[in-house]
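Undergrad: Take this structure first; my questions come after.
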Amino acid sequence: MAETYRRWLLARRPQGVIKDSDFSLDVSPVPEPGPGEFLVRVTHLSFDPTQRGWLAADSYLPAVKLGDPVRASGVGQVVKSSHPGFKPGQMVQGGFGWQEYVLSNGMTELGPITPLFPGVTPEQALGVFGITGLTAWFGLTDLGKPQAGDTVLVSGAAGATGSVVVQVAKALGCKVIGIAGGPDKCRWVTEVAGADACIDYKSEPVAERLHTLAPGGVNVVFENVGGEILEAALMNLALRARVILCGGISSYNAEDLSAMQGIRPYMQLTIQRARMEGFIILDYMHRFAEGVQALAKLIAEGKLTTAEDIQEGFETCPATLRRLFEGKNLGKQLLKLTDPPLPPA
Ligand SMILES: NC(=O)c1ccc[n+]([C@@H]2O[C@H](COP(=O)([O-])OP(=O)(O)OC[C@H]3O[C@@H](n4cnc5c(N)ncnc54)[C@H](OP(=O)(O)O)[C@@H]3O)[C@@H](O)[C@H]2O)c1
């Protein structure tokens, strides 16, 4: 086993686009578990746009402290244990952060460390059965409440969350219109994810195309992007539409929340008697098992396929996070550090 391990620490709060210099790479001796502790070798890390927010300021979670490892979900393998609940060789997931090894008593900033369900891969644990898949499931079904025959609009449709929303909405019998950046992603959204249409926001006028594709307006908007794309959606609402504010990545590099782009046509909500609602998936933690079951059923029925973009190499953590803001990922953005399963220590 290695004697030292690497950690990416927050060196300064990002301003604008994330830079490598916002982080520092620390090398420390691998710690030994004390009583009630165990050591995890991290194999996979999840990359999520919300990490940019955690680095910048307090929000629904306190900001990462300067000098602390960058907060992140991950999967790993227990390599040493003096904890009765964890055995060497066991695959586990939790808020491991940007670190190659994690010493823990079982709790992380993102909740308890839990074993991977049998048969679930690290990619599935962090993707379709992780935060993004569950966000898609609960945001769409619990807040969007789509009915068969409804028209559902999904921005960020080729991303981890959006691609699951597209397919769940199709499985529920809806007409689905995706929005994504570039012809390759749009082709994937229609041909693989099965949307009825996809608007390339980088080369097409979104509001006009939407009007042509959904002349009666859209019943559900699953919003991942915000800004002008949200405005185009609001200009095309059906009566009593539900607008789900999942995220607004187009403004995440803004100086602070007050500098985010505002919403001009908000009176459309009044005119169409529509509802716009935000949510944070952590509020659904008590229902995660229900969501995993529903998503697993769709996979088994051949109605849900997943895509993962897997980068390699711990040294690429900052660049991998940047990929989300450059639109380089298709599906769930992951980083593989090492191959599981590893022999027990
Ligand atoms: N509310 C919650 O609890 C919750 C939980 C999870 C995720 N979210 C939100 O869900 C959204 C998607 O997250 P994800 O993890 O699934 O990421 P993702 O969609 O897999 O990746 C981000 C995608 O956003 C698009 N994008 C980046 N910058 C953009 C810009 N300036 N304008 C338009 N599109 C841009 C890119 O796709 P294109 O190439 O198509 O531009 C990129 O691939 C984010 O807003 C995230 O914050 C919310």
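One line per residue, one yes/no per condition, for (1) within 11 Å of the ligand (Cβ to nearest atom); (2) touching a residue at least 12 places away in the same chain (Cβ under 8 Å):
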site: N105; (1), (2): no, yes
site: P112; (1), (2): no, yes
site: G119; (1), (2): no, no
site: A180; (1), (2): yes, yes
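Undergrad: Right, something else. Starting from the range 236-248, keep only residues that are within 16 Å of the ligand (Cβ to nearest atom), then list their pairs with residues that are among the polar types (S, T, N, Q) and part of a strand (DSSP E or B) whose Cβ atoms are within a distance under 6 Å, requiring at least 6 positions of separation or different chains.
TA: Between residues of the range 236-248 that are within 16 Å of the ligand (Cβ to nearest atom) and residues that are among the polar types (S, T, N, Q) and part of a strand (DSSP E or B), there is no close pair.
Undergrad: Which is farther than 23 Å from S59 by Cα, within 11 Å of the ligand (Cβ to nearest atom) and either polar (S, T, N, Q) or under 23 Å from the mean Cα position of the chain (by Cα) (or both), of E228, E223?
TA: Exactly one of E228, E223 is farther than 23 Å from S59 by Cα, within 11 Å of the ligand (Cβ to nearest atom) and either polar (S, T, N, Q) or under 23 Å from the mean Cα position of the chain (by Cα) (or both), namely E228.
Undergrad: How many residues are outside any loop (DSSP other than H, G, I, E, B) and hydrophobic (A, V, I, L, M, F, W, C) if we restrict to the range 299-313?
TA: Of the residues in that region, 3 qualify.
Undergrad: A further question on this structure: Answer with yes or no whether T316 is more than 16 Å from the ligand (Cβ to nearest atom) and outside any strand (DSSP E or B).
TA: Against the criterion (more than 16 Å from the ligand (Cβ to nearest atom) and outside any strand (DSSP E or B)), T316 qualifies.
Undergrad: When the range 10-38 is examined, which residues are found to be within 30 Å of K87 (Cβ to Cβ) and among the hydrophobic types (A, V, I, L, M, F, W, C)?
TA: Across the range 10-38, the qualifying residues are V27, V30, F38.
Undergrad: Another question, if that's okay. Taking only pairs six or more apart or across chains, which ones have beta-carbon atoms under 7 Å, a first residue in the range 196-222 that is in contact (Cβ under 8 Å) with a residue 60 or more places away in the chain, and a second residue that is part of a helix (DSSP H, G or I)?
TA: V218/A233; V220/G144; V221/A233; F222/G139; F222/L140; F222/G144; F222/V165
Undergrad: Of all residues in the range 270-291, which are within 12 Å of the ligand (Cβ to nearest atom) and either part of a loop (DSSP other than H, G, I, E, B) or in contact with a helix residue (DSSP H, G or I) (Cβ under 8 Å, 6 or more places away or on another chain) (or both)?
TA: Scanning the range 270-291 gives E277, F279, I280, I281, Y284.
Undergrad: Now for a separate question. Look at C186 and say whether it is out of contact with any helix residue (DSSP H, G or I) (no Cβ under 8 Å at 6 or more places or on another chain), over 20 Å from K332 (Cα atoms) and in contact (Cβ under 8 Å) with a residue 24 or more places away in the chain.
TA: When the stated conditions are applied, C186 does not pass them.
Undergrad: Within the bounds of the range 144-158, is there any residue that is in contact with a helix residue (DSSP H, G or I) (Cβ under 9 Å, 6 or more places away or on another chain), aliphatic (A, V, I, L, M) and near the ligand (Cβ under 9 Å from one of its atoms)?
TA: Yes, because at least one residue in the range 144-158 is in contact with a helix residue (DSSP H, G or I) (Cβ under 9 Å, 6 or more places away or on another chain), aliphatic (A, V, I, L, M) and near the ligand (Cβ under 9 Å from one of its atoms).
Undergrad: Tell me, please, whether a residue that is surrounded by fewer than 22 Cβ atoms within 10 Å (Cβ to Cβ), at positive phi, of a type outside the set (A, V, I, L, M) and away from the ligand (no atom under 16 Å from the Cβ) can be found in the range 17-36.
TA: Within the range 17-36, one or more residues are surrounded by fewer than 22 Cβ atoms within 10 Å (Cβ to Cβ), at positive phi, of a type outside the set (A, V, I, L, M) and away from the ligand (no atom under 16 Å from the Cβ).
Undergrad: I've got another one for you. Would you confirm, using the coordinates I've provided, whether M267 is at pLDDT 95 or above, within 16 Å of the ligand (Cβ to nearest atom) and among the hydrophobic types (A, V, I, L, M, F, W, C)?
TA: No: the conditions fail for M267.
Undergrad: Let me ask something else about it. Among the residues of the range 252-261, is there at least one that is within 16 Å of the ligand (Cβ to nearest atom) and more than 19 Å from P14 (Cβ to Cβ)?
TA: The answer is no; no qualifying residue exists.
The values are calculated or read from the model by the stated rules, or taken from the named source; none is laboratory data. The structure presented is a predicted model; accordingly, all values stated were derived computationally and were not measured. Backbone-built Cβ (ideal geometry, glycine too); neighbour counts: all protein chains shown.
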